[in-house]
Amino acid sequence: MSAIISLAWKSLLNRKTTAILTIITVAISVVLLLGVEKIRTQAKSSFANTISSTDLIVGARSGEVNLLLYSVFRIGNATNNIGWQSYQDIAHLPQVKWAIPISLGDSHRGFRVMGTNQDYFKFYRYGSKQPLTFSQGEAFHSLFETVIGSDVAKKLNYQLGDEIIIAHGISDKSFTRHKNLPFTITGILAPTGTPVDKTVHVSLGAIEAIHVGWESGAHLGQTPDKQVLEQQTFEPKEITAFMLGLNSKIQTFMLQRQINNYNKEPLSAILPGIALSELWGMMSVAEQALMVISGFVVIAGLLGMLTSLLTGLQERRREMAILRAMGAQPKHIFFLLMSEASLLTLLGITVGTGILYLVLAACAPIIEHQYGVKIALTALSQHDLMLLLLVQISGVVIGLFPSLKAYRHSVADGMTIKV
């Protein structure tokens, strides 16, 4: 058997161009097949690890997925804000253990700015109930201090003590910046692999202070200097959303119903896990479509290999006849062609897997920056290995057709040139 494999390898080397093109065809199909699977699983893992130990998220009346996306993943915007008094009423209910207010709407050089309070650093959890930690510095305490995520510090090369300017709205333009009110960086959070890394955190009071003199996104009035504002006390009138941790999980559905029926303003309370499941349900059709497309690409790649082998077989009929004349039995010819098909498939899988990891290594930072999805370069999972095994088996099955055809060729047929 080893002699046949060695002969198959030499035969492929003798037909390098055809073999390389076949390997590339199989490799591209493997890249797409594994790439779709990797991105799908990594996206789910990245989203699922973003928030932990939060029982309810409350925002203005809207769809569950929309509320989850803007409050946790910083994707999109709220349909409306909610009153500060509503937040306080709910936060002081006996069922509530802790509450984290969130105010969104501003930005800094492409990164979202979030107003919150000290409870955010105390109670927010991600991954497997992991708390936020500081790689440098500490939480903000005064009005114009800020804590930045690890990606913000890395991408913009910020250090403790640096000053930053926040812009009004998502678009950071010169006319929207609060130029006379710089914030000093007092803390840099340790990496979490979540949207926290891409967020600039300030106090709720600071959000109110920098918008003095602003109305409907326009700077219409005079904004006092930093020193003047620091002498005042600011309390938010509205916030975007807030997160709740309860004393008992049993109270979750009862409190959710109570908040959804809140009579002072229309509110929505969602369970993060259920909203995330709904999001995956919405994406399942796209996932299945991508997997089907990937499957067809693999089939196309294998059919290309079959075409190559069958075409090459017509050109190699004299070679097969010579092997038979030298004592090779029909089964040896059969296993020779089978070995070639298996080697081509295996090489295609190996090259495709290598290309996939190179592409992921190059594109992971871009995907993370643009979409907030962290793609980790992990080893092949059991499911990935099963997919590759299926491709390998399919390559062997494809090799049966030219192998059986060669098996039936006779010496006389091979020695006779047919025009």
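Give, in nm to one decimal, the length gained when the segment between THR17 and PHE134 is fully stretched (0.36 nm per residue of separation minus the Cα-Cα distance).
36.6 nm
What is the spin-label model distance, in nm, from ASP119 to LEU160 if the labels are put 7 Å beyond Cα along the C-beta direction?
It is 2.8 nm.
Give me the percent relative contact order of segment 56-270, please, defined on Cα pairs under 8 angstrom at least 6 residues apart.
32
Assuming 0.36 nm per residue, please report the length gained on full extension of the stretch LYS44 to ASP89 beyond their Cα-Cα distance.
That works out to 12.8 nm of additional length.
Just to be sure I understand the curve: with the Debye formula and one point per C-alpha of segment 56-270, what is log10 I(q)/I(0) at q = 0.08, 0.10, 0.12 Å⁻¹?
Debye curve over Cα of segment 56-270, log10 I(q)/I(0) at q = 0.08, 0.10, 0.12 Å⁻¹: -0.27, -0.43, -0.63.
If you average the alpha carbon positions of segment 44-96 and of segment 126-158, how far apart do those two centres end up, in angstrom?
What the calculation gives is 21 Å, centre to centre.
To the nearest 0.05, what FRET efficiency results for LYS97 and VAL396 with a Förster distance of 56 Å applied to their C-beta separation?
Calculated transfer efficiency: 0.45.
What does the extension gain come out to for LEU385 and ARG109, with contour length at 0.36 nm per residue minus their alpha carbon separation?
Using 0.36 nm per residue and subtracting the Cα-Cα distance, I get 95.2 nm.
Using θ = phi - 60° and the Karplus curve 6.51 cos²θ - 1.76 cosθ + 1.60, what whole-Hz ³J(HN,Hα) does each residue of segment 379-389 get, with Gly and Pro shown as x?
Using θ = phi - 60°, the values come out as 5, 4, 7, 4, 5, 4, 5, 5, 4, 5, 5 Hz.
State to the nearest 20 debye the size of the charge dipole of segment 56-270 about its Cα centre, where the only charges are +1 on K and R beta carbons and -1 on D and E beta carbons.
Dipole of segment 56-270, to the nearest 20 debye: 660 debye.
We did not get these values from a lab; they are worked out from the coordinates using the rules stated. Note that this is a predicted model, so its numbers are computed, not measured. No Cβ is skipped: glycine too gets one built from the backbone with ideal geometry, and neighbour counts run over all protein chains shown.
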